Structure formats: C-alpha cells, structure tokens
Amino acid sequence: MMKRPTSIALVLLSAVLAFGLPACGGSKKNPFAKKKSTRDDISEVGAVEGPVQERKFADPTATQTLYLLYLRDSQNRPVAGASAMVLVQPPEGLNINQPRRKTVVAEMPSGPDGISPIMSEADGKPKWAWVGGKAIWPPAVYELEPATGGNTVKMTLQVPIQPVAKIIISGQDGLRVPDAIVTFKPIAGGPGDVENIGDRPGKSDNYGNTKRTNGMGEIDYPRPAGRYGLIATDDKGRNRLYAIVDWNGDASKPLEFKLPATSMTEQPW
C-alpha cells in the first residue's frame, strides 16, 4: 500500500514549488556564464552585419585572468553564437571536435559583438582557446598567454563558418536508423575541391569525419560545398552503403540515404 507523504514532506515540496528549482547550466568558474545569452543556441552561428557596440566586462581581480576572444569571419565581421572555450591543455586526436570536460576552464558562446568573455584562475600556467560549434568546421585551437593575475588578454580568432549538411539514414523498412555509423569525407574532383580539408597526419581519411546519427537517424556535418564520399552502416556496422555526394552547400535540403539489404563491398571513388 502506498503511504501518504508526511506533513513535513508536504511542506518541503511546497517550498520547492514556491521558489523553483535551481537553473542548470553555466560555469561556476566563468561569471559571464551566469546570464543566458540570446544566442546560446549554436545552431544560430553567423556573422553580424552592420555596426555593433562592444560590451564592457568587469576587470579581473588579482587572482583572475580575463580572456576576451574576438571571433571574426573571413570578412572580419563579428560572429555570434559560436562555441568558445578556454582549456588547460590542447586537445589531441578526435578530442579536437569536442575537448574533454576535465580540460575546460570555462566556456561561453560569443555574443552579438562576437566576443566570448571567459574568466580564468590566475595560476600562471599556459592556456588554449578552442572554437567550434554546429556550423563551424574545422574546429580550431589557439595558444593563449599564461593566466597571470589582474591581466586581460584580448585575442582575435578567425571562425570558419560553413553550411550544414543534414544527413538522414533510413533502413530497408523505410524507418530511420538511430546510432547509424556515418562517414562523410572530402574526396577530389567536385566543385570547390576540398580533398585536403580535415586531414589528420598518419591517420585514415575517415579519421575525424565519422559520427553516429541521433535517435531520429539524423547527423549534421558543417562543410563547404564540394565532392564527398559517404559511408554508412547501421549501429552494428551492417548494411554498408557507399555513395559519392556532390554537396552544393544548400543547407535547406537534407541528404537522405537508404541502407542496402546487402553490404556494398567496393568504394566508388
């Protein structure tokens, strides 16, 4: 038999409902992350047109270092909504796509002025800036000045904004395939040849270009227009599909593919 909550439990529950649950998100180390940004959704990454007034930030104390990352596109316009982090060590290998959390001092998306303000403890040690996000490729890492007390470090970083190719993988039954393994890698010969973009020395050209679809069988790849090789399987590596994709940079139309009943054995490129 289910017991009724005690009067004390009812009082506690009422207090929680009255005052609300604490908000999630934001970094305790970065005071600028306490307020929600209107561009927190990095799907809105983009250059800001026209004159933009630069925000003012609190000066660091003697035990802090303020890093102001000025994110700009190829035309030197402010980039809003980009994801930026300050790291205690540069990422290695595939961690370039998403740095390990234990290496992150703090993160903050850039605002309409294209600035990502990140406060760090002044420990005297070197720091690195990472910039990435849904519409940014390839992600990049930049070495910063060491964190010294009371210092404000300003650095301008170029952000490569790309159109996003949305890929949808379905099975023979027509249903979308969650956790499908997808490789979308540049190959030579198409418009805007991007053969060497994303190369990793000493690694397969699949390295860094392979992801899994979400629960809806979808995966996003920010990439410039060009010719790409697609490899897709189900979540177990079965029903392999090979396809050449001439990506025209039109992010409004998803690229849909159906896995074959029998795995293909030869790459067409």
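The values are calculated or read from the model by the stated rules, or taken from the named source; none is laboratory data. Remember, it's a predicted structure, so these values are computed and weren't measured experimentally. We place every Cβ from the backbone using ideal geometry, glycine too, and count neighbours over all the protein chains shown.
Taking the criterion of being surrounded by fewer than 19 Cβ atoms within 10 Å (Cβ to Cβ), more than 15 Å from the chain's Cα centre (by Cα) and at pLDDT below 95, would at least one residue in the stretch 151-163 satisfy it?
The answer is yes, given that some residue of the stretch 151-163 is surrounded by fewer than 19 Cβ atoms within 10 Å (Cβ to Cβ), more than 15 Å from the chain's Cα centre (by Cα) and at pLDDT below 95.
So Ile169 fits all but one of (1) surrounded by 19 or more Cβ atoms within 10 Å (Cβ to Cβ); (2) not assigned by TED's automatic domain parsing to the domain that holds Asp246; what number is the exception?
Result: Ile169 fails condition (2) only.
Looking only at the stretch 182-222, count every residue that is part of a loop (DSSP other than H, G, I, E, B) and modelled with pLDDT of 95 or more and tell me the total.
Qualifying residue count, the stretch 182-222: 5.
Out of the stretch 105-159, which residues are of a type in the set (A, V, I, L, M) and part of a loop (DSSP other than H, G, I, E, B)?
Met108, Ala122, Ala135, Ala147, Val159
So, in the stretch 234-266, exactly how many residues are part of a loop (DSSP other than H, G, I, E, B) and either touching a residue at least 12 places away in the same chain (Cβ under 8 Å) or farther than 27 Å from Val131 by Cβ (or both)?
Selection size over the stretch 234-266: 21.
I need the full set of residues from the stretch 160-176 which are polar (S, T, N, Q) and in a strand (DSSP E or B), in order please.
Within the stretch 160-176, Ser170 is the sole residue that qualifies.
Condition check: within 19 Å of the chain's Cα centre (by Cα), part of a strand (DSSP E or B) and at pLDDT 95 or above. Does Ile231 satisfy that?
no
Taking the criterion of being at pLDDT 95 or above, more than 24 Å from Asn97 (Cα to Cα), among the β-branched types (Val, Ile, Thr) and over 19 Å from the mean Cα position of the chain (by Cα), would at least one residue in the stretch 255-264 satisfy it?
Yes: the stretch 255-264 contains one or more residues that are at pLDDT 95 or above, more than 24 Å from Asn97 (Cα to Cα), among the β-branched types (Val, Ile, Thr) and over 19 Å from the mean Cα position of the chain (by Cα).
Based on this model, can you work out whether Glu54 counts as at pLDDT below 90, part of a loop (DSSP other than H, G, I, E, B) and either among the acidic types (Asp, Glu) or surrounded by 18 or more Cβ atoms within 10 Å (Cβ to Cβ) (or both)?
The answer is no for Glu54.
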